[in-house]
1. Using a ≥ b ≥ c from the Cα gyration tensor of the stretch 292-335 (square roots of the eigenvalues), is it rounded, prolate or oblate, where a/c under 1.5 gives rounded and otherwise the larger of a/b and b/c decides, a/b for prolate?
2. Compute the distance from the alpha-carbon center of the stretch 122-136 to that of the stretch 272-290, in whole Å.
3. Would you please give the residues with an amide H less than 5 Å from that of SER193, counting only those at least 5 places away or on a separate chain, with H modeled from the backbone geometry?
4. Quick query: amide H of GLY206 versus all other amide H atoms, modeled in the peptide plane; which residues come in under 5 Å with a sequence gap of 5 or more or a different chain?
5. By per-residue mean of other Cβ atoms within 10 Å, what is the highest-first order of 138-148, 307-317, 175-185?
6. If amide hydrogens are placed 1.01 Å from N in the peptide plane, which non-local residues have theirs closer than 5 Å to the one on TRP138?
7. Considering only DSSP states other than H, G, I, E and B, which trypsin sites (Lys or Arg not before Pro) in the stretch 256-314 qualify as loop sites with at most 12 other Cβ atoms within 10 Å?
8. Measuring from label point to label point, each 7 Å out along Cα→Cβ, what is the THR41 to TRP69 span in nm?
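The values are calculated or read from the model by the stated rules, or taken from the named source; none is laboratory data. Please read these numbers as outputs of a predicted model, since none were measured by experiment. Cβ placement follows ideal geometry from the backbone for every residue including glycine, while neighbour counts extend to all protein chains displayed. When the accessible area is computed, the model is the full protein with side chains, heavy atoms only, and any ligands, DNA or RNA have been set aside. Shrake-Rupley method; radii C 1.70, N 1.55, O 1.52, S 1.80 Å.
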Amino acid sequence: MSSRGVARAAGRWSAVGGACLLLAGCGNEQDALAPKSHQATDIARLFWWMMGIAWVGLALVVALILLAWRRAHRRPGHDVKEGEKLGFRVVIGAGIVMPIVLISALFVVGDIFVIKTTQAPAQGATELTVEVTGHMWWWEVRYPGTDAVTANELHIPVRTPVRVNVRTADVIHSFWVPRLNRTIDMMPGKTNSIELFADAVGRYRGQCDEFCGLQHAHMAFYVYADPPRVFKRWLDAQSRPAAATGGPGQQVFFSSSCANCHAIRGTKASGYVGPDLTHVGSRPYLAALTITNTRKNLAHWIVDSQDVKPGNQMPNIRLSQTRLQALVSYLEGLK
């Protein structure tokens, strides 16, 4: 193949590769280019402006390269100096002045407008504040002023600004719900804040955006934007202690190591190493969205959590089938 053919083939494959990279993050639950809040819309709009300007810049560079190639292959004896003044102006204008103007414009738009719309509201400026703590590798969610505590799911009323205070219990994490707002770091010893606002009722996936160890990829959560009445009913239900189911399953819970790490409000279990299990039976997922909350998965998680999520802090618990099924029944009843 000639050098010209090689160049054309390389150009085609570069275009295909660029398109694949552009579309790789689209169409899933964490698609930042499908915003559902005014903050995420501003971020997506800024991205498209930056992408458009970058493509224009690339086209300009390619055009200049082609122009230089064409001039270099003109017929012998041609006076190549006749366009030097024009070439100098193009280099100064397109290579120096235009980038300065465009970069300055993007800086002004991003720094003055987008950052202002995505920053956290002032303390007390919202009717609802939620506290989120990142653990290796799950999320603890609390609603100040109530007894509600949950894990790996965050409920908010739709079309209502909510201040979310985030912190970490161990290493650096990042809190990110791509369709609702930007990412925010969770630093040891420091509390940061961000606003969540959902335009529409729905479920929005969030993810830790800072590598934090072996199970970083399995540290996800859902934000549920509910109608205000539905949210109030959910919060009231989550604030209540667990139903006193008792029975052999509860005896297994306290006689094994479960009560050392987990809390169940309404009982003497008050552990804080693992998630609060007061209403674990009503959660659709376990292990920070790693598995669905079915009877089979719950039993597998109890006896062999390291197979499901290697490196997590929950030890494998060896139980007979009778005791295991009793414990699973007890936990399923915590709704």
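1. Working: a/c = 2.14, a/b = 1.42, b/c = 1.51.
Here the stretch 292-335 falls in the oblate category.
2. 20 Å
3. HN-HN under 5 Å from SER193: VAL166.
4. PHE221, TYR222, VAL223
5. Working: 138-148: 17.7, 307-317: 14.8, 175-185: 22.5.
Averaged packing, sorted descending, gives the order 175-185, 138-148, 307-317.
6. Residues meeting the criterion, in which the H sits 1.01 Å from N, do not exist here.
7. Working: sites: ARG265, LYS268, ARG295, LYS296; in loops: LYS268.
Counting only loop positions with at most 12 other Cβ atoms within 10 Å, the trypsin sites (Lys or Arg not before Pro) in the stretch 256-314 are LYS268.
8. If labels sit at THR41 and TRP69, their model points lie 4.3 nm apart.
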